[in-house]
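Participant: Encoded as structure tokens, here's the structure I'll be asking about.
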Amino acid sequence: MTKAIEEPWGISVSGTGTVRAEPGLARVQPAVDVLESSPERAFQEAGAAVARLREVLRRHGVPDGAVSGSRLGLSSEYDGHGSERRLLGYRCQASYSVETRALDDLERLITDIVDAGAHRIDGVEFDVLDEQALRDEARRRAVAVARRKAQVYAEAADVRLGPVLHIQDVEAEPFAHFRAAKAGGGGAGALAPGAVEVSAEVVLGFSLRH
């Protein structure tokens with residue numbers, strides 16, 4: 001059974017626009033994770049690792065303002081359950097986000113961060129320097145795609161498009177995403193993506209004329 005349109009008013013179409021650009025910066029997320037026999041010792045060892053990490057970042061030209069802490073925690077850790085539970089020690093964790101524009105030096109930066117005392121890298125995100133301008137262009141392309149789609153439907157139905165009656169922004173991803181890794185292995189920039197994608201989606205509603 002064909003579903004009827006209860007309140008016909010025109011045509012509604014969606015459009016998606018995407019802009020690709022070379023990444024301009026990276027956000028590296030190193031973490032310090034220390035397990036020691038006492039809270040004082042755990043804080044001491046974690047603090048020493050963080051100090052070494054900061055020194056490495058300064059040597060790479062990363063200003064203190066480009067480093068933000070996201071989590072600092074201390075917890076007791078046990079092995080076993082119930083009456084057989086045994087205290088293993090006290091775990092101190094500290095995680096950071098490091099922003100750098102030196103993408104050609106990114107592999108060396110990550111290696112030095114780990115050598116300095118970071119116990120893991122929770123992630124590496126790539127972004128563009130002027131995401132807002134790229135997002136605006138993606139929105140223009142999304143509108144063009146939606147309009148073109150509506151025009152095809154109108155021609156197929158032997159009607160003409162009227163003015164736009166409704167514009168609805170569809171929430172896009174909060175971050176730009178890389179499309180593909182660079183070809184080849186190793187060398188400068190091997191960790192950087194080939195392109196960063198910035199997308200936008202819109203729904204347009206048009207009136208129709210006969």
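Participant: How large are Rg and Dmax for the stretch 56-114 when only the alpha carbon atoms are used, in Å?
Facilitator: Answer for the stretch 56-114, Rg first and Dmax second: 17.6, 54 Å.
Participant: Order 72, 53, 134, most accessible first, counting only protein heavy atoms with a 1.4 angstrom probe.
Facilitator: Details: 72 125, 53 5, 134 40 Å².
The most accessible residue leads, giving 72, 134, 53.
Participant: Helix 106-116 against the longest principal axis of the chain: what's the angle in degrees, Cα atoms only, rounded to the nearest 10?
Facilitator: Rounded to the nearest ten degrees, it is 30.
Participant: Follow-up. Per residue, how big is the convex hull of the chain when only Cα atoms are used? Give it in Å³.
Facilitator: Values: hull volume 49.5 nm³, N = 210.
Given the Cα convex hull of the chain, per-residue volume reads 236 Å³.
Participant: Let me cross-check residue 64: its accessible surface, 1.4 Å probe, with only protein heavy atoms counted, in Å² to the nearest 10?
Facilitator: Only protein atoms counted, so the area is about 80 Å².
Participant: For the chain, modelled as a Gaussian network with Cα springs under 10 Å, which listed residue fluctuates most, 40, 197, 131?
Facilitator: Looking only at 40, 197, 131, the biggest GNM fluctuation is shown by 40.
Participant: Starting from the Cα gyration tensor of the stretch 1-108, take the square roots of the eigenvalues, sort them a ≥ b ≥ c, and report rounded, prolate or oblate (rounded when a/c is under 1.5, otherwise prolate if a/b is larger than b/c, else oblate).
Facilitator: Values: a/c = 4.55, a/b = 1.60, b/c = 2.84.
Since a/c reaches 1.5 but b/c is at least a/b, the shape of the stretch 1-108 is classed as oblate.
Participant: Taking only protein heavy atoms into account and a 1.4 Å probe, give the accessible area per residue of the chain in Å². Mind showing how you got there, number by number?
Facilitator: Numbers: 12900 Å² over 210 residues.
That works out to 61 Å² per residue.
Participant: How many percent of the accessible area of the chain is carbon or sulfur, using a 1.4 Å probe?
Facilitator: On the way: 6330 of 12900 Å².
On the chain, the fraction of accessible area on carbon and sulfur atoms equals 49 percent.
Participant: Using a 10 angstrom cutoff on alpha carbons, build the Gaussian network for the chain and name the most mobile of 137, 55, 84.
Facilitator: 84
Participant: Under unit Cβ charges (Lys, Arg +1; Asp, Glu -1), what dipole magnitude, rounded to 20 debye, does the stretch 4-149 have relative to its Cα centre? List each step's numbers first, then the result.
Facilitator: Numbers: 21 positive and 25 negative charges, 96 e Å.
For the stretch 4-149, the charge dipole is close to 460 debye.
Participant: Just to confirm the number: angle between the C-alpha axis of helix 131-156 and the first principal axis of the chain, 0 to 90 degrees, nearest 10?
Facilitator: Long axis of 131-156 versus the principal axis of the chain: about 30 degrees.
Participant: Could you tally the net charge around residue 35, taking each other residue with its Cβ under 13 Å from the Cβ of residue 35, Lys/Arg +1 and Asp/Glu -1?
Facilitator: Working: positive: 41, 91; negative: 33, 36, 45, 77, 79.
Charge balance in the 13 Å sphere: -3.
Participant: Also, quick follow-up: In what sequence, largest accessible area first, do 91, 86 appear using a 1.4 Å probe? If you can, show how the numbers build up before the last one.
Facilitator: On the way: 91 50, 86 130 Å².
I get 86, 91, largest accessible area first.
Participant: Leaving ligands, DNA and RNA out of it, work out the accessible area of residue 16 with a 1.4 Å probe and give it in Å² to the nearest 10.
Facilitator: Estimated to the nearest 10 Å², residue 16 gives 70 Å².
Participant: Got the relative contact order for the stretch 38-146 handy, in percent, Cα pairs under 8 Å and 6 or more residues apart?
Facilitator: Computed value for the stretch 38-146: 28 percent relative contact order.
Participant: Let me ask something else about it. Could you please report the charge total around residue 155, scoring K, R as +1 and D, E as -1 over all other residues with beta-carbon less than 13 angstrom from its beta-carbon? Before the final figure, lay out each step's value.
Facilitator: Values: positive: 147, 148, 149, 160, 209; negative: 158.
Result for the neighbourhood of residue 155: +4.
The values are calculated or read from the model by the stated rules, or taken from the named source; none is laboratory data. It should be emphasised that the depicted structure is a prediction, and the values quoted were computed from it without experimental measurement. Here Cβ is always computed from backbone atoms with ideal geometry, including for glycine, and neighbour counts include all displayed protein chains. Protein only, heavy atoms only, side chains kept; ligands, DNA and RNA dropped before computing areas. Shrake-Rupley method; radii C 1.70, N 1.55, O 1.52, S 1.80 Å.
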